[in-house]
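Encoded as structure tokens, the structure appears first; notes follow it.
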Amino acid sequence: MAMASTAKVCLGSIAFGFFWMLAVFPAVPFLPIGRTAGALFGAMLMVIFRVISPDEAYESIDLPILGLLFGTMVVSVYLERADMFIYLGKLLSWKSRGGKDLLFRVCLVSAFASALFTNDTSCVVLTEFILKIARQNNLPPQPFLLALASSSNIGSAATPIGNPQNLVIAVQSKISFEKFLLGIFPAMLLGVLVNATVLLAYFWNLLSIERDQEVVEEAGNLFAENDVISHRFSPATMSHLSYANSEELNSTTLEQIPSPVMDSGPSNSTRSRLSGGMEPARNSSSSMEALGSTGISQRREEGSSTRRYSRNMSSHSIDSSRETSSSYSLEEKDSAAEKWKRWMWKTSVYAVTIGMLISLLVGLNMSWTAITAALALVALDFKDARPCLEKVSYSLLIFFCGMFIAVDGFNKTGIPSTVWDAVEPYSRIDSVGGIALLGLVILILSNVASNVPTVLLLGARVAASASSISASEEARSWLILAWVSTVAGNLSLLGSAANLIVCEQAQRAQFFGYNLSFLSHLRFGVPSTIIVAVIGLPLIRSY
């Protein structure tokens, strides 16, 4: 493509410069509007400067990519509700044999999780789990956070749904899910193992130190204990008060029941005092007889009343125990029914997800397959879907819309084509030197302009260059672009959104917060990225 007019080139470069600056540095002091608004701002400038027309701007938005991205995000939300990531977190600590074993598990689990549920989702959910496990085992968090971020990026390269740039490549290249997986999976598997080896070599001494055992309370257990305590205090107090009230009631009732000895004694003494002791013996004896008969009748009445009271109390306790047992049985039935419903719902979520993956492997349309799976989960939930749909990152979808327009406008300036024409003769994938140069260009551009814009800028050009060799080489060029642009995200903290997610989630984590610095990531990221990218390139094949 020839260069456009000078005015169009300058204005298009300015608009793309704003987009790039706000996408890479979303909080610049003079315009801290964030990535999403920055993408829309760059797209708006492209239209205002007439680098691209409004109709061309709408046409540049790739709806299949947005549909695939939306569907996978909804499925990830329901998988999170079905405790999939909790099970993954438990898998990390199951029968762990120390820091090195735990580090290796983090690499494998995060890699395979990101291949199926996208790297961003895996990093959002697993970061706090990994921090808790590291603190529980009294281990430094830094190796495990780096393992999560780097392995998530490497693992996400294996599937079209692993990360956003792969979504773009899968839709534009029309490579099936099965061929995409077969072409990159060997490189991904070796890359994860090599990355784990680099991590173990880098942190071997740190993980080998016998650290003093510290008492570290787990935040989740702390909250659970507080919930249990607050839950138990109320019934305990209620039971204590009811017990005290019952004692007071019993004592009051017993005090109201007259005692024959206590009643006869005072009444007799009172009569003697009132008569002054001057009554004849006959009267006293007759009075004693009368008193005795009265006492007997009183005892009979008291005995019968006591028996009636005890019978009433026992019947009341039996009735209350029956009511309590019946209420307990109803509660147990309700809880059993709820557990059964919960288990059935989880099974349905996993079955739909497996069905989606099988459909993708068979070769059905990726976008509509993901959207169908998402709507099936919404229907099976049988509830208002708004809470789940609100968890979808609509800002990411809007960011993609703005990015499509900004990148398409920059392509119309002719700058990317001119640069590629100068590099293309030396970066053909039919030679080792050409593959090395192409990988270097993708690596640098992915860290300068971010990986998704790099794919949008280079994808069609790299494929066109490779198609002149053969159709299989064209597919292989797309896979090489997917591999290098994804692994390039491990070079620095700003190279991938997954890295930033791990950093921010770790810093915000309550009770387990940790600050992963830019330099600490860079010291590990540079050697790991270069080694993993180079080792994986020869294993990438097209089928």
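Restricting LEU537, LEU493, LEU522, LEU457 to those that are assigned to a helix (DSSP H, G or I) and closer than 21 Å to LEU396 by Cβ reduces the list to LEU457. What about GLU178, is it within 22 Å of VAL77 (Cβ to Cβ) and among the charged types (D, E, K, R)? For GLU178, the condition - within 22 Å of VAL77 (Cβ to Cβ) and among the charged types (D, E, K, R) - is not met.
On the stretch given as region 398-440, residues that are surrounded by 19 or more Cβ atoms within 10 Å (Cβ to Cβ), part of a helix (DSSP H, G or I) and among the aliphatic types (A, V, I, L, M) total 6.
Within region 362-378, track down each residue that is open to solvent by less than 70 Å² (accessible area, probe 1.4 Å) and hydrophobic (A, V, I, L, M, F, W, C). Don't jump to the end; show me each part of the working.
First, the residues of region 362-378 that are open to solvent by less than 70 Å² (accessible area, probe 1.4 Å): 363, 366-367, 369-371, 373-374, 376-378.
The answer is MET366, ALA370, ILE371, ALA373, ALA374, ALA376, LEU377, VAL378.
Among residues of region 376-400 that are farther than 30 Å from PRO453 by Cα, those with a beta-carbon under 6 Å from a residue that is among the hydroxyl-bearing types (Ser, Thr, Tyr) at least six positions away or on a different chain give the pairs LEU377/TYR78; LEU380/SER348.
Those helices (runs of 4 or more DSSP H) of region 61-160 in which at least 2 residues are under 24 Å from LYS391 (Cα atoms), open to solvent by 10 Å² or more (accessible area, probe 1.4 Å) and not charged (D, E, K, R), considering only elements entirely within it, cover 63-81, 84-93, 99-117, 119-136. Would you confirm, using the coordinates I've provided, whether SER395 is touching a helix residue (DSSP H, G or I) at 6+ places or on another chain (Cβ under 8 Å), loosely packed, with under 15 Cβ neighbours inside 10 Å, in a helix (DSSP H, G or I) and not basic (Lys, Arg)? So SER395 fits the description; yes. Of all residues in region 98-116, exactly one satisfies the criterion of being under 15 Å from LEU139 (Cβ atoms) and either of a type in the set (Phe, Trp, Tyr) or under 15 Å from the mean Cα position of the chain (by Cα) (or both), namely PHE104.
The set of residues in region 383-409 being among the aromatic types (Phe, Trp, Tyr) and within 19 Å of the chain's Cα centre (by Cα) consists of TYR394 alone.
Answer yes if at least one residue in region 457-475 is under 30 Å from LEU139 (Cβ atoms) and open to solvent by less than 10 Å² (accessible area, probe 1.4 Å), and no otherwise. Taking every residue of region 457-475 in turn, none turns out to be under 30 Å from LEU139 (Cβ atoms) and open to solvent by less than 10 Å² (accessible area, probe 1.4 Å).
Taken over region 26-60, residues that are assigned to a loop (DSSP other than H, G, I, E, B) and without any contact (Cβ under 8 Å) to a residue 24 or more places away in the chain amount to 9. Of note, MET356 does not satisfy the criterion of being part of a helix (DSSP H, G or I), in contact (Cβ under 8 Å) with a residue 60 or more places away in the chain and touching a Pro at 6+ places or on another chain (Cβ under 8 Å).
The values are calculated or read from the model by the stated rules, or taken from the named source; none is laboratory data. Because the structure is predicted, anything quoted here is derived from the model rather than measured. Heads up, the Cβs are rebuilt from the backbone with ideal geometry, glycines too, and the neighbour counts pull from every protein chain shown. Calculation scope for accessible area: heavy atoms of the full protein, side chains included, ligands and nucleic acids excluded. Shrake-Rupley method; radii C 1.70, N 1.55, O 1.52, S 1.80 Å.
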